[in-house]
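The values are calculated or read from the model by the stated rules, or taken from the named source; none is laboratory data. Predicted model only: the values in this text are computed from it and were never measured. Neighbour counts run over all protein chains shown; Cβ positions are idealised from the backbone, glycine included. For the accessible areas, the whole protein counts, side chains as well, though only heavy atoms, and no ligand, DNA or RNA atoms are used. Shrake-Rupley method; radii C 1.70, N 1.55, O 1.52, S 1.80 Å.
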Amino acid sequence: MPVQAIRPDYRGEDKDRVELFHGNQLVYIGWDHHTMVCAPIALPLPPGMPFAALIEQVLPTTAYAQDPDWPLIDWSRVEWLRSGEPFKPDPAKSLADNGLGHKALLRWRTPGLVGI
């Protein structure tokens, strides 16, 4: 994302380049309408990780799992958004193959569960 500095001669180093994450990429993940976690969280994840592993292994280890609605999620009904656009992830395909690159924003909605 381009940034306009106050001084035109300012040159800074981008500290969140994908090369600095040892083979991982940042993926921002947020659960819409569940404000127990107030903003998307950033997770360094391998681009080759299957999307199913994100749901089954990664998300249960985050603060989202502390939400009282967590055990009530029907993952078959979840509505996914990639960079604000609805999409249907393929659980068997990797994050990269599902279009999630470095610093992608992934959000999910749970119909019928409106959070606290």
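Summary table below
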| quantity | calculated |
| --- | --- |
| Test result for Asp90, part of a loop (DSSP other than H, G, I, E, B) and modelled with pLDDT of 95 or more | yes |
| Restricting the stretch 93-116 to residues that are under 15 Å from Gln25 (Cβ atoms) and not in a loop (DSSP other than H, G, I, E, B), the residue that is farthest from the chain's Cα centre (by Cα) | Ser94 |
| Number of the condition not met by Asp16 [criteria: (1) charged (D, E, K, R); (2) farther than 13 Å from Lys103 by Cα; (3) in contact with a strand residue (DSSP E or B) (Cβ under 8 Å, 6 or more places away or on another chain)] | (2) |
| Counted residues, the stretch 35-64 - those being outside any helix (DSSP H, G or I), open to solvent by 80 Å² or more (accessible area, probe 1.4 Å) and of a type outside the set (Ser, Thr, Tyr) | 2 |
| Of all residues making up the stretch 69-87, the number that are part of a strand (DSSP E or B) and in contact with a helix residue (DSSP H, G or I) (Cβ under 7 Å, 6 or more places away or on another chain) | 0 |
| Qualifying residue in the stretch 25-34 (condition: of a type in the set (Phe, Trp, Tyr) and in contact with a strand residue (DSSP E or B) (Cβ under 7 Å, 6 or more places away or on another chain)) | yes |
| Subset of the stretch 103-116 [over 14 Å from Pro40 (Cβ atoms) and at pLDDT below 95] | Pro111, Gly112, Leu113, Val114, Gly115, Ile116 |
| Unique match (being out of contact with any Ser or Thr (no Cβ under 6 Å at 6 or more places or on another chain), open to solvent by 20 Å² or more (accessible area, probe 1.4 Å) and in contact (Cβ under 8 Å) with a residue 24 or more places away in the chain) among Asp32, Asp67 | Asp32 |
